[in-house]
Amino acid sequence: MSKGLTSRSEDYSQWYNELVAKADLAEHSAVRGCMVIKPYGYSIWEKMQSVLDQKFKETGHSNAYFPLFIPKSFFSKEASHVDGFATECAVVTHYRLKNDGTGNIIVDEEAKLEEELIVRPTSETIIWNTYKGWIQSYRDLPILVNQWANVVRWEMRTRLFLRTAEFLGQEGQTAHATKEEAVEETERMLEVYADFAENWLALPVVRGKKTANERFAGALETYCIEALMQDGKALQAGKSHFLGQNFAKAFDVKFTSKEGKQEFVWATSWGVSTRLMGALIMAHSDDAGLVLPPKLAPIQVVIVPINKGEEELARITEVADDIIAKLKAKGISVKYDDRDTQRPGFKFAEYEMKGVPVRLAMGGRDLDNNTIEIARRDTRTKETISRDHIEDVVEQLLEEIQNNIYQKAFQFREENTVKVDSYEEFKRVLDEQPGFVSAHWDGTPETEQRIKEETKATIRCIPLNNEQEEGTCILTGKPSTQRVLFARAY
């Protein structure tokens with residue numbers, strides 16, 4: 001299998017695009033701005049979805065589904081929300097097509113909708129309109145609902161997984177009786193995302209809050225986890241919003257409290273999307289292809305026979321079947337590739353490109369010597385070992401690979417997080433050593449916007465574990481009590 005990947009150092013963007021295609025993850029579709037997620041790519045997303053879904057249910061949430069179409073009038077009820085999404089909305093205006101008599105299909109101009117429908121950019125409005133019928137008393141609270149769905153945001157400049165007009169994801173939408181419960185929910189779900197990112201994606205993240213400029217439209221607070229990609233750009237890997245009572249007031253969602261008073265409900269929303277696929281690729285992969293954390297790899301182990309003739313293949317297969325049974329008994333996913341249409345070298349390159357964590361290979365000599373070749377994708381090293389207790393060796397190796405991938409990403413982030421105390425140093429670091437830049441900011445949206453316009457760097461978050469530190473804003477020189485995290489971002 002010919003790799004032919006552009007190197008990351010030569011052109012990171014081109015390397016990413018080629019890798020998505022050659023690893024068989026996704027491709028552009030006939031619909032402008034939309035993608036086709038191919039079976040191998042979707043199987044990775046399915047593993048992410050399965051893990052997260054279980055975590056949501058463990059924290060008391062249930063899945064539901066709400067309409068794809070949202071009446072335009074719903075968006076008018078929460079002004080800041082509609083302002084945040086107005087430029088990204090796809091709008092349905094008609095409900096029928098017709099033949100124009102010459103064989104062409106056109107929109108039936110007489111089939112105009114009485115009210116335009118917005119194709120779901122996010123679901124707060126339709127969900128809170130629904131919640132109004134679900135909530136009357138404190139006994140009806142909390143509502144802990146999650147939705148797995150597609151989302152449409154009309155992006156003009158698209159990139160597979162990272163930014164497409166339609167993408168897949170989930171959005172939690174919860175309702176609570178008190179502000180304290182809602183804030184607790186917001187922080188709990190941020191930690192769920194952080195745990196998933198670090199222990200499954202092998203992706204170290206910074207937990208923080210967004211500035212007012214960067215908050216979700218309609219939120220009082222947006223919590224986020226921020227990750228650093230290998231090109232030094234940041235990527236938001238999850239967000240959790242404290243919505244206050246904004247949507248409850250917009251849709252008149254009240255409940256009778258234990259004291260018999262009418263009160264507005266408190267809300268949260270939180271979500272991740274197939275953007276995590278982009279994070280997975282860019283944080284770990286190399287010039288030879290995809291590198292997958294074993295916990296999310298659809299195929300954790302591949303076994304490739306190296307045989308001369310059918311008789312030797314039958315002997316190798318007998319041994320391989322025993323190994324496969326032992327690996328599966330430990331919950332390890334394994335594939336035996338005995339295709340006779342491709343040579344072993346092609347298979348090795350194919351599974352390296354697809355990021356399979358462990359490769360086992362056996363030939364006739366291995367059968368005689370009770371050995372097997374074992375190769376690990378993260379370090380691209382291989383050795384020949386005894387087949388005795390191979391299932392235990394592989395199990396331990398998968399854990400080691402998972403940890404190694406995380407530690408490598410963690411070390412990269414640490415080496416590319418720099419403290420600066422002047423605007424000149426800030427701009428120099430951004431250009432010479434892209435990554436996270438920790439600097440003082442005066443807290444004003446005006447300063448934040450000016451820095452963004454001049455450097456293309458945004459405040460990724462105000463870290464939750466921030467230490468109080470007296471300083472001065474790098475741009476204005478005004479007093480500051482803590483540093484924030486800047487970066488150029490996807």
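The values are calculated or read from the model by the stated rules, or taken from the named source; none is laboratory data. In this text, all values refer to a predicted model and were calculated from it rather than measured experimentally. Heads up, the Cβs are rebuilt from the backbone with ideal geometry, glycines too, and the neighbour counts pull from every protein chain shown. Accessible surface is based on the protein model in full, side chains and every heavy atom, while ligands, DNA and RNA are left aside. Shrake-Rupley method; radii C 1.70, N 1.55, O 1.52, S 1.80 Å.
Annotations
- Region 14-167 - accessible surface per residue (Å², probe 1.4 Å): 52 Å²
- Full-extension gain in nm, Glu116 to Thr102, via 0.36 nm per residue minus C-alpha separation: 2.2 nm
- Solvent-accessible ranking of Asp100, Asp108, Asp340, Asp368, largest area first, probe 1.4 Å: Asp340, Asp368, Asp100, Asp108
- Region 32-98: translational diffusion in µm²/s, Stokes-Einstein, Kirkwood Rh over Cα pairs, 4 °C, 1.567 mPa s: 80 µm²/s
- With a Förster radius of 35 Å applied to the C-beta separation of Glu373 and Lys38, the computed FRET efficiency comes to 0.75.
- Mean accessible surface per residue for region 258-324, computed with a 1.4 Å probe while every protein chain stays in place, in Å²: 36 Å²
- Across Lys239/Lys354; Lys47/Lys335; Lys328/Lys382, pairs whose alpha-carbon gap is larger than 25 Å: Lys239/Lys354
- Reachable lysines, given that their alpha-carbon falls under 24 Å from the alpha-carbon of Lys427 and they are not under 8 places away in the same chain: Lys209, Lys210, Lys233, Lys419, Lys452, Lys456, Lys478
- Each other residue within a Cβ distance under 12 Å of Leu68 adds +1 if Lys or Arg and -1 if Asp or Glu, for a net charge of 0.
- When the helices of the chain are scored as -39500 (n - 2.57) per DSSP H run of n ≥ 4 and the total is divided over every residue, the value at 222 nm lands at -11000 deg cm²/dmol.
- The Cβ shell under 13 Å around Glu184 holds other residues with a net charge of -4, Lys and Arg each +1, Asp and Glu each -1.
- Area accessible to solvent at Met35, 1.4 Å probe radius, in Å²: 30 Å²
- Its alpha carbons give region 197-327 an Rg and a Dmax of 24.8, 83 Å.
- The figure for His94 is an accessible area of roughly 60 square angstrom, using a 1.4 Å probe on the protein chains alone.
- Each residue, Lys233 and Val92, gets one label point 7 Å from its Cα in the Cβ direction; the gap between the two is 3.3 nm.
- Accessible-area composition of the chain, carbon plus sulfur, in percent [1.4 Å probe]: 47 percent
- By a 1.4 Å probe calculation restricted to protein chains, Glu311 has an accessible surface near 150 Å², given to the nearest 10.
- Inter-label distance, Leu68 to Glu109: 2.8 nm, where each label sits 7 Å from its Cα along the C-beta direction.
- Relative contact order, percent, region 220-272 [alpha-carbon distance under 8 Å, six or more residues apart]: 33 percent
- Linear extension gain, Asn213 paired with Arg157, 0.36 nm per residue minus alpha-carbon span: 18.0 nm
- For region 63-188, DSSP calls about 95 percent of its internal beta bridges antiparallel.
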